[in-house]
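Chemist: Got a structure for you, questions after.
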Amino acid sequence: MTIQALKGFKDILPDEVALWQHIEATARNIFQRFGFNEIRVPILEKTELFARSIGEATDIVEKEMYSFSDRNGDSITMRPEGTAPVLRSFIEHGLQAKLPVQRLYTIGPMFRHERPQKGRLRQFHQMSVEVLGLNHPRLDAELIAMAWLILEELGLTTSLQINSLGCPACRPAYKDALVQFLAARTEHICEDCQRRSQSNPLRVLDCKSSHCQEQYVTAPAILDHLCPDCDEHFKQTRASLDLLAVPYTVNPFMVRGLDYYTRTTFELVTDALGAQSAVGAGGRYDGLVEQLGGAKSMPGIGFAMGMERLVLLLSQQNADACPDTETDLFVAALGEEAAVAAFPVVHLLRRKGLQVAMDLEGKSLKSQMKQADRAKARFVLILGEEELATGQAILRDMASKEQRQIPMVGPQEALCAVLIEAVAPDRNN
Ligand code: HAM
C-alpha cells in the first residue's frame with residue numbers, strides 16, 4: 001500500500017510553485033519598500049507561549065493546536081500562528097535596542113488541527129508582519145494600506161472590514177453588556193458559547209455556528225462602548241485610511257479568533273472562496289509584549305495573509321499572473337561524441353546565466369525534440385555526427401521554425417558568446 005500525506009497536509013507541486021514564488025516575491029518587495037526586516041523563528045515553541053498570548057478560551061488553544069510532550073516531558077506546540085513566536089524572539093534578543101526600526105516580517109508554515117476544506121488546511125502558510133513600539137493610528141492605516149497594496153499588485157479584489165476592540169479600560173463595561181445579552185439567550189446558543197459567555201464572552205461572537213451567529217445580530221456592539229481615547233484612535237485610523245484612499249466597511253461584530261487584540265482589527269475578505277472568506281487579517285495588540293514578559297509600554301500591531309487562499313484566489317482571478325517558465329536553449333546532442341562536446345558547453349552556458357536543458361542519455365532526435373517542447377525551449381541546438389564533421393551546429397528557433405548554422409569550433413568561451421548572442425543577446429557581456 002502506498003503511503004499518503006496526512007489529512008489537511010498538502011504537497012505544493014512543481015506546477016504550482018511559480019504562483020507561490022510570485023506571491024512571495026511580490027510581498028517581500030512591498031515589505032522592503034515599507035522598511036520591514038525579515039525574521040525567521042522556530043516552528044516548535046513551548047505550549048505556554050500560545051496559551052498566554054492567543055488565550056486559553058480560544059478555538060485555536062482549546063481545540064486546534066498540535067501539542068505534545070517531547071522526550072523530556074515538556075509540552076511543546078507546533079506554531080499555530082506567527083505573532084507570539086516573533087514577539088517571544090523580539091523580547092528574548094532585546095531587538096528593541098538592536099534594530100533601527102521595529103518592523104518585522106516572517107513567511108512560513110503554521111499548524112492548526114481544523115476540519116480541512118477548500119482554503120483551510122492543517123498545515124498552511126502565512127506571510128505576516130509585526131510593528132512594535134508605536135501606537136499612532138497612522139501606523140494602523142499604513143499597515144492596512146500595505147496589505148491592500150499587496151493584493152492590488154497581485155491583481156486581486158477583496159473587501160476590507162475594520163473594527164475596534166477597545167482597550168482594558170473600555171472592555172469591561174462592554175463585556176457586562178454582552179454577558180447580560182447572552183444570559184437572556186442561553187438556551188438558543190451552543191454549548192461552547194454557553195461556557196464562553198462565562199469565561200471569555202467576547203469569544204462567542206467568533207462562534208462558527210450559523211445558528212449562534214443569527215442570535216448575535218442584535219448583540220450590543222463594542223463600538224458603542226469605546227472609551228474616549230479608543231474612540232479617537234479609531235476615528236483617526238479611519239481618517240488616515242481615507243487619506244490613503246483605501247475603501248473599508250466597519251464591522252462592529254468582528255472580534256477575531258485570538259485574545260490578544262486591542263483597538264483596531266481588520267480582515268480582508270472575499271466571497272470567492274466559499275466558507276473561508278478571510279485572505280488576511282490582523283490588528284493591534286498593545287498589551288501583548290508586556291503579557292509575554294517584555295517592556296510595559298510596547299504597543300504592537302500586525303497582520304497575516306494566508307498563502308493557500310492567495311494562491312486559490314490568484315488562480316481564479318488572475319491566472320495569467322505568472323507565465324510558465326521557459327528554457328532558453330535545449331541542446332540536442334546525437335551520439336556519444338556530440339554529447340561529450342556539448343556537455344561542457346551546456347555547463348558553461350548555465351554558469352553564464354542561461355537556462356539550458358540537455359538530454360544526458362543521447363536519445364533519438366524525435367524524443368529530444370519532444371523533451372524540448374515540454375521544457376518550453378525557445379531554441380534548440382542540434383549537434384549530430386554530420387554537424388560535428390562540418391563544425392556547424394543547427395540552431396532552431398522554436399517559435400518561427402527558422403534554422404541557422406552556428407560554428408562549433410574554437411574555444412568554448414567563444415562558442416558560448418556566439419550562442420548567447422543568438423539566443424539571449426541581452427545577457428551577453
Ligand atoms: P488569523 O486570522 O488566525 O490571524 O490568520 C491569518 C490568516 O491566515 C487568515 O486570514 C487566513 O488567510 C490564514 N489562515 C488561518 N488559518 C488557516 C487555515 N487553517 N488554512 C489556511 N489558511 C489559514 C493570525 O494568525 C494572526 N497571527 C495575524 C496577526 C499578525 N495579527 C497580528 N499580527
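Chemist: Can you name every one of the helices (runs of 4 or more DSSP H) wholly within region 103-216 that holds 1 or more residues which are at pLDDT 90 or above, assigned by TED's automatic domain parsing to the domain that holds A245 and within 13 Å of the ligand (Cβ to nearest atom)?
Modeler: Hits in region 103-216: 137-154.
Chemist: Answer yes or no as to whether D242 is of a type outside the set (S, T, Y), open to solvent by 70 Å² or more (accessible area, probe 1.4 Å), within 16 Å of the ligand (Cβ to nearest atom) and without any contact (Cβ under 8 Å) to a residue 40 or more places away in the chain.
Modeler: On the way: of a type outside the set (S, T, Y): yes; open to solvent by 70 Å² or more (accessible area, probe 1.4 Å): yes; within 16 Å of the ligand (Cβ to nearest atom): no; without any contact (Cβ under 8 Å) to a residue 40 or more places away in the chain: yes.
Criteria not met by D242.
Chemist: May I ask you to list pairs of residues, at least six apart or on different chains, whose Cβ atoms are under 8 Å apart, with the first in region 37-48 being at pLDDT 95 or above and the second being acidic (D, E) and surrounded by fewer than 17 Cβ atoms within 10 Å (Cβ to Cβ)?
Modeler: K46/D74
Chemist: Taking region 375-388 on its own, how many of its residues are open to solvent by less than 90 Å² (accessible area, probe 1.4 Å) and closer than 14 Å to A338 by Cα?
Modeler: So the answer is 6.
Chemist: In region 68-84, which residues are under 14 Å from V41 (Cβ atoms) and small (G, A, S)?
Modeler: G82, A84
Chemist: So if I check each of A393, A414, which one is loosely packed, with under 12 Cβ neighbours inside 10 Å, over 43 Å from the mean Cα position of the chain (by Cα) and not acidic (D, E)?
Modeler: Every option except A414 fails the conditions.
Chemist: Among the residues of region 15-31, is any within 14 Å of the ligand (Cβ to nearest atom) and charged (D, E, K, R)?
Modeler: Scanning region 15-31 turns up no residue that is within 14 Å of the ligand (Cβ to nearest atom) and charged (D, E, K, R).
Chemist: Taking the stated definitions as given, is I60 within 16 Å of the ligand (Cβ to nearest atom), among the β-branched types (V, I, T), open to solvent by 40 Å² or more (accessible area, probe 1.4 Å) and assigned to a helix (DSSP H, G or I)?
Modeler: no
Chemist: Next question. If we scan region 217-230, do we find a residue that is of a type in the set (G, A, S), assigned by TED's automatic domain parsing to the domain that holds E114 and open to solvent by less than 30 Å² (accessible area, probe 1.4 Å)? Can you show your working first?
Modeler: Just the residues of region 217-230 that are of a type in the set (G, A, S), to begin with: 219, 221.
This time we only want the ones that are assigned by TED's automatic domain parsing to the domain that holds E114, so: none.
No, region 217-230 contains no residue that is of a type in the set (G, A, S), assigned by TED's automatic domain parsing to the domain that holds E114 and open to solvent by less than 30 Å² (accessible area, probe 1.4 Å).
Chemist: Something else: Do we have any residue at all in region 266-288 that's outside any helix (DSSP H, G or I), surrounded by 19 or more Cβ atoms within 10 Å (Cβ to Cβ) and more than 27 Å from the chain's Cα centre (by Cα)?
Modeler: No, there is no match, as no residue in region 266-288 is outside any helix (DSSP H, G or I), surrounded by 19 or more Cβ atoms within 10 Å (Cβ to Cβ) and more than 27 Å from the chain's Cα centre (by Cα).
Chemist: Looking at (1) out of contact with any Ser or Thr (no Cβ under 6 Å at 6 or more places or on another chain); (2) open to solvent by 30 Å² or more (accessible area, probe 1.4 Å), which is the only condition A342 fails?
Modeler: Status for A342: all satisfied but (2).
Chemist: On to the next question. Enumerate the pairs (first residue in region 253-278 and on the phi < 0 side of the Ramachandran plot and within 8 Å of the ligand (Cβ to nearest atom); second residue anywhere and aromatic (F, W, Y) and open to solvent by 10 Å² or more (accessible area, probe 1.4 Å)) with beta-carbon separation below 9 Å, excluding pairs fewer than 6 apart on the same chain, so at least 6 apart or on different chains.
Modeler: From residues that are on the phi < 0 side of the Ramachandran plot and within 8 Å of the ligand (Cβ to nearest atom), the pairs are L268/W148.
Chemist: Quick check on A97: is it of a type in the set (G, A, S), surrounded by fewer than 19 Cβ atoms within 10 Å (Cβ to Cβ) and within 16 Å of the ligand (Cβ to nearest atom)?
Modeler: Criteria not met by A97.
Chemist: State which residue is farthest from the ligand (Cβ to nearest atom) when the search covers only region 290-313 and only residues that are surrounded by 22 or more Cβ atoms within 10 Å (Cβ to Cβ) and of a type outside the set (G, A, S).
Modeler: Taking the candidates together, the pick is L313.
Chemist: Also: For residues that are touching a Pro at 6+ places or on another chain (Cβ under 8 Å), open to solvent by 10 Å² or more (accessible area, probe 1.4 Å), hydrophobic (A, V, I, L, M, F, W, C) and under 15 Å from A278 (Cβ atoms), tally how many sit in region 104-155.
Modeler: 1
Chemist: Another question, then. Scan region 337-372 for residues that are charged (D, E, K, R) and either modelled with pLDDT of 95 or more or not in a helix (DSSP H, G or I) (or both) and jot them down.
Modeler: The first filter runs over region 337-372 and keeps only residues charged (D, E, K, R), leaving 337, 350-352, 359, 361, 363, 366, 370.
If the condition is that a residue be charged (D, E, K, R) and either modelled with pLDDT of 95 or more or not in a helix (DSSP H, G or I) (or both), then R350, R351, K352, D359, E361, K363, K366, K370 are the ones that fit.
Chemist: Now for a separate question. Can you tell me which of (1) under 21 Å from the mean Cα position of the chain (by Cα); (2) within 27 Å of I144 (Cα to Cα); (3) open to solvent by less than 60 Å² (accessible area, probe 1.4 Å) is the one S53 doesn't meet?
Modeler: Result: S53 passes all but (1).
The values are calculated or read from the model by the stated rules, or taken from the named source; none is laboratory data. The shown structure was predicted, so the numbers you read here are calculated from the model rather than taken from an experiment. In this analysis, Cβ positions are derived from the backbone assuming ideal geometry, glycine residues included, and neighbour counts consider all displayed protein chains. Heads up: the accessible areas ignore ligands, DNA and RNA and are worked out on the full protein's heavy atoms, side chains in. Shrake-Rupley method; radii C 1.70, N 1.55, O 1.52, S 1.80 Å.
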